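Data first, discussion second: the structure below is written as structure tokens.
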Amino acid sequence: MRHAPSLPDADMWGYGYHWWVGRLSSGQPVVAAMGNGNQRLYLLPEQKIGITLLAGQYNQKVKRSNELLMRVVSALKRKR
């Protein structure tokens, strides 16, 4: 039996060691913790930024869970 440190996802995310890891369309790495109720913690290591989303949508299907992340990244690009 072999240990796989990450499992690819069909979306932009892969899963490994209890963290979701991926890259934005710009190629920038992103790490995330995602919980029930649309609770999110996004880490952008190159920007040295952490984004926290505390929500209460428990046991509901969340359709736009990455929208906040994309809006923040877009705002950061405009600031440069």
Diffing the stretch 20-31: the Karplus 3J(HN,Hα) column from phi (6.51, -1.76, 1.60, θ = phi - 60°), in whole Hz with x for Gly and Pro, holds 8, 10, x, 9, 6, 4, 6, x, 5, x, 9, 10
Ordered by fewest other Cβ atoms within 10 Å, a rough proxy for footprinting exposure, R64, R40 read R64, R40
Per the stretch 7-79, sqrt(5λ) over the Cα gyration tensor eigenvalues, sorted largest first, in Å, gives 19, 16, 11
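Each reported figure results from applying straightforward, stated rules to the coordinates on display, with no laboratory input. On a predicted model such as this, the values are computed, not experimentally measured, just so you know. Cβ: placed from backbone, ideal geometry, glycine included. Neighbour counts: every protein chain shown.
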